[in-house]
Amino acid sequence: MLISDPGQEEKTSSGLVPYTVRCDSCGFTLIDSAYRATCPRCDGSLTFDYPASQSLSAIPALDESGMWKYRNRLPVSPQVVPVSLGEGQTPLLRARGAQPYDLYLKNEAVSPTGSHKDRSLSVAITKAVEHGFTACMLYSDGSAALSSAAYAARAGLLNIAVVPAGTHESRLYPLAVYNSAIVEFAGTSAQALNWVHETCLELGLYETSTYRQANPYGSEGIKTISYEIFAQLGAVPDWLAVTVGGGGTLAGIWRGFLELRALGLTQSLPRLIGVLPCGYRVMEIARRHGAASFSELCKLADFPLAETAQVKIAMEHPPDGIEAIQAIRDSGGHFAFATDEEAWAAQAQLGARDGIYAEVSATGPLAAIEQLETRSAFRPGDVVVAVITGSGFRETAATVSPIPIHLEKVDRATGIQSLKSILKGITTCPTGAK
Ligand SMILES: [Zn+2]
């Protein structure tokens with residue numbers, strides 16, 4: 001790998017890498033010739049700088065549609081063919097009904113696997129192909145797992161989904177359809193995330209967990225939501241509400257709007273409303289305490305959490321929480337909280353009023369917008385966008401599986417050996433990947 005000092009001009013002798021990879025923490029810049037998920041000097045999160053000449057108004061190539069028309073703002077080689085299932089370019093629908101403000105619904109539920117995570121995984125798996133990986137692994141039993149399994153299948157990679165112990169069969173069945181290996185990890189979610197991260201490094205597996213420390217490339221896919229909203233509205237909205245699980249989606253959307261402003265396409269930025277299940281207040285507490293690191297945030301999460309129906313955004317330790325807090329602060333927005341009753345009511349309203357069947361983990365933004373409306377926060381004519389991140393159709397899977405589900409049960413002691421049997425015959429570590 002070629003690494004340059006901070007401030008040193010990038011040397012892209014091949015001309016193949018049209019972006020710079022930089023460490024968020026120490027400013028180190030590196031040339032993207034070998035795969036890295038974090039800074040080689042301090043293990044900080046990586047971020048990407050694109051030349052100003054790569055404007056959003058560039059004419060897309062004929063074979064690129066959907067999200068990939070913005071590929072000159074995505075951190076992949078121009079030579080690689082995107083691993084695509086038709087993600088992106090989702091509809092922005094005006095909500096029915098007479099609000100004193102303009103409410104729009106960015107309907108990510110129509111994505112190939114039913115959620116906005118497809119944008120992340122399309123970029124992430126394309127990056128895996130670019131670097132010659134043959135197998136990927138993540139910890140998730142939700143949208144990210146489905147998406148990783150689907151895009152890995154599309155690319156001919158083996159996907160290993162590590163799921164929490166006791167995950168319902170209806171969640172596992174679609175993974176089995178995508179031919180994903182399924183590993184049930186005994187331990188807390190924090191232990192599982194760490195184990196997946198360490199094991200990917202040890203076995204040369206490509207990590208597709210959707211937080212920036214695990215995969216900064218996938219995180220870049222999310223910002224195309226902001227590009228599309230800007231293109232569809234012809235302007236930046238006044239407000240944008242989206243659910244917050246790990247924090248990466250909110251942070252990615254904010255990065256997208258910041259880039260639009262940096263490109264000189266707009267002077268405006270939206271106020272962000274990050275919506276969480278009621279009781280999941282660690283990010284709000286961390287915001288008030290001025291927490292500056294993930295470990296500080298985790299220390300503040302020392303209270304019991306109630307069960308919630310909004311399971312896909314119920315995170316005890318949000319890995320991208322600090323970045324999400326920064327986005328909320330910089331945008332002049334706030335975190336909002338939806339009870340399950342409010343989320344179910346919003347789900348029914350979206351279905352009955354607008355013809356959208358969203359999963360209950362994705363309907364919180366409607367509840368938060370209603371809370372703001374009650375407080376007369378919106379001015380007449382304000383443009384408000386609710387991002388509907390996931391489809392409800394995925395929550396009604398049959399519980400009897402025609403395809404047998406093979407479930408490998410592991411813990412820290414037995415996990416690596418089990419994975420080696422899953423990976424038998426597959427050479428995982430591409431040249432230069434470690
Ligand atoms: Zn660094």
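What to note about this one:
- Residues in region 202-245 that are of a type in the set (A, V, I, L, M) and touching an Asp or Glu at 6+ places or on another chain (Cβ under 8 Å): ALA214, ILE225.
- Inter-residue pairs, beta-carbon under 8 Å, first part of a strand (DSSP E or B) and in region 37-51, second away from the ligand (no atom under 11 Å from the Cβ) and of a type in the set (Phe, Trp, Tyr), 6+ apart: PHE48/TYR19; ASP49/TYR19
- Selection count where residues are of a type in the set (Ser, Thr, Tyr) and surrounded by 14 or more Cβ atoms within 10 Å (Cβ to Cβ), scope region 293-312: 1
- Being in the same structural domain as VAL236 (by TED's automatic domain parsing), over 21 Å from LEU265 (Cβ atoms) and either among the small types (Gly, Ala, Ser) or modelled with pLDDT under 95 (or both) holds for only one residue in ALA128, ALA124, ALA37, ALA98, and it is ALA98.
- Taking the criterion of being assigned to a loop (DSSP other than H, G, I, E, B) and touching a helix residue (DSSP H, G or I) at 6+ places or on another chain (Cβ under 8 Å), the residues of region 289-302 that qualify are ALA291, ALA292, SER293, LEU300, ALA301.
- Each residue in region 35-47 was checked for being more than 19 Å from PHE133 (Cβ to Cβ), of a type in the set (S, T, N, Q) and either over 23 Å from the mean Cα position of the chain (by Cα) or near the ligand (Cβ under 9 Å from one of its atoms) (or both), and 1 of them qualify.
So that you can scan it fast, the table gives a plain yes or no per residue for (1) modelled with pLDDT under 65; (2) surrounded by 14 or more Cβ atoms within 10 Å (Cβ to Cβ); (3) more than 30 Å from LEU205 (Cβ to Cβ); (4) within 16 Å of the ligand (Cβ to nearest atom):
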| residue | (1), (2), (3), (4) |
| --- | --- |
| MET1 | yes, no, no, yes |
| GLY15 | yes, no, yes, no |
| CYS23 | no, yes, no, yes |
| GLY27 | no, yes, no, yes |
| SER33 | no, yes, no, no |
| TYR50 | no, yes, no, no |
| ASN72 | no, yes, no, no |
| GLY86 | no, yes, no, no |
| PRO91 | no, yes, yes, no |
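- Among the residues of region 181-220, those that are within 20 Å of the chain's Cα centre (by Cα) and among the charged types (D, E, K, R) comprise GLU207, ARG212, GLU220.
- Screening LEU233 with (1) surrounded by 19 or more Cβ atoms within 10 Å (Cβ to Cβ); (2) at pLDDT 95 or above gives one miss only, at (1).
- The lone exception for GLU316 - which of (1) modelled with pLDDT of 95 or more; (2) part of a loop (DSSP other than H, G, I, E, B) it fails: (1)
- Residue that is surrounded by the fewest Cβ atoms within 10 Å (Cβ to Cβ), among those in region 93-119 that are acidic (Asp, Glu) and over 18 Å from GLY364 (Cβ atoms): ASP102
The values are calculated or read from the model by the stated rules, or taken from the named source; none is laboratory data. All figures in this text were calculated on a predicted structure; none of them were measured in a lab. For neighbour counting, all protein chains shown are included, and Cβ atoms are generated from backbone atoms with ideal geometry for every residue, glycine included.
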